[in-house]
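For reference, the structure is listed below as structure tokens.
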Amino acid sequence: MQGKCSADIRAFLDSILSGIVIIDIPTRTVRFANAFALSVLQASQEEVVGRTCTDMLCPNLPDDCPILDRGLNVDRGRCVIQTKAGEDIPVQKTVTYVEFEGDTCLMESFTDLSETLKLETLKEDLERITRHDLKTPLVQIINLADLLLLDHDLQSEHRAYAGLIQRSGRRMMRIINATLDLYKLEAGTYCLFPESIRLVGVIRDIVSDLLPQVRGAQVRFALNFDEGVYVWGEDALVYCVLSNLIKNAVEASPPDGTVSITVRRGREATVAIHNQLPVPAAIRETFLEKYVTSGKPHGTGLGIYSALLSAKAMRGSISFTSSEQEGTTVTVTLPLAPEDTAARYENEALAD
């Protein structure tokens, strides 16, 4: 009967469309691999049984097992396993304890990520190409608006239209650049070229850009600024951080609500963005993570995530507090610009 049960268990594991490998704990060797695992490893049962798990399934050293040596109950993550021929295969793997044929063993389950990663790379390449191609006609639109605004005989009504085209075009260029930069920020390949940025100026631009949305939502802004706060970063990244967070606060506000923006200068610059409603309880613990969204029909969950990456790239941070009584306050910290660059920027602004 024991043999029949064992055969049934192995047959069941063979029917699963993900890799299953059972590891004997005392010897740390493979005891069984299901059909899917064998197909990925390009090996037979006889060729894998008896091999140590670190030979082909685990990137850790033999005496550094996350479960057996570090005391974890479950280990999850991406890693690379090796086929019989020595080919590296990227996988998403989970390791946990399991009872197998009367013994306590480790079960390593994995899915092959090779095709998924290829599709992700293709998708990212297509998106970058598309964004790059959008920039060429957009530059022409912005340049045309600039030329129109140089015409001193242009009627005031037409000048206003040209200014709107210019601002909208530049805003769209910022958005395209920000999405292009998001890939580099996430990959850790972004190269920062910081300069002195007048924080109040960026916030006023964002508020101006959001006014149509604010009027539609019947939301008000309350602004409270320390004077002369300059941060050390990039204009596009500072805009990305604050526009995403301020826009999010507007969208999360009740009708006739108020979004408060407070800028303070201390050892670093802080921007506190407050709205009167709490973050939904379902997403409160994962609020700053990728793809987390709630209550937005077309929300992607990338706005706050891209803001977080942009802040970190400038050696800043984002934190938040949220409760039913106090609403939500998202606080951004950014490094202050060196005194000499901030003073020079202020003098240039006064001269203009």
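The values are calculated or read from the model by the stated rules, or taken from the named source; none is laboratory data. All values derive from a computational prediction rather than experimental measurement. Methodologically, a virtual Cβ is constructed for each residue, glycine included, from the backbone with ideal geometry; neighbour enumeration extends over all protein chains shown.
Do we find a residue being surrounded by 15 or more Cβ atoms within 10 Å (Cβ to Cβ), assigned by TED's automatic domain parsing to the domain that holds Tyr239, of a type in the set (A, V, I, L, M, F, W, C) and not in a loop (DSSP other than H, G, I, E, B) anywhere in region 156-163? No, region 156-163 has no match at all. Summed over region 166-208, residues that are hydroxyl-bearing (Ser, Thr, Tyr) and part of a helix (DSSP H, G or I) total 4. Among the residues making up region 150-168, a single one is basic (Lys, Arg) and touching a residue at least 12 places away in the same chain (Cβ under 8 Å): Arg167. When region 31-70 is limited to residues that are among the aliphatic types (A, V, I, L, M) and without any contact (Cβ under 8 Å) to a residue 24 or more places away in the chain, the one that is farthest from Lys93 (Cα to Cα) turns out to be Val49. Pairing residues of region 301-316 that are in the same structural domain as Leu336 (by TED's automatic domain parsing) with residues that are among the small types (Gly, Ala, Ser), at Cβ distances under 8 Å and at least 6 apart in sequence or on separate chains, gives Ser306/Ala178; Ser310/Ala178; Ala311/Ser317; Met314/Gly233; Gly316/Gly233. Does any residue of region 299-312 turn out to be loosely packed, with under 14 Cβ neighbours inside 10 Å and at pLDDT below 90? Yes; the residues of region 299-312 include at least one that is loosely packed, with under 14 Cβ neighbours inside 10 Å and at pLDDT below 90. Being in contact with a strand residue (DSSP E or B) (Cβ under 7 Å, 6 or more places away or on another chain) and farther than 16 Å from Ser109 by Cα is a property that does not hold for Asp64. Just so you know, in region 117-145 the residues that are of a type in the set (Val, Ile, Thr) and at pLDDT 80 or above include one that is surrounded by the fewest Cβ atoms within 10 Å (Cβ to Cβ), and it is Val139. Residues that are closer than 11 Å to Val40 by Cα and either in contact with a Gly (Cβ under 6 Å, 6 or more places away or on another chain) or of a type in the set (S, T, N, Q) (or both) within region 80-99 comprise Gln82, Thr83, listed in sequence order. For region 18-63, which positions are among the β-branched types (Val, Ile, Thr) and closer than 20 Å to Thr96 by Cβ? Residues satisfying the conditions are Ile20, Val21, Ile22, Ile23, Ile25, Thr27, Thr29, Val30, Val40, Val48, Thr52, Thr54.
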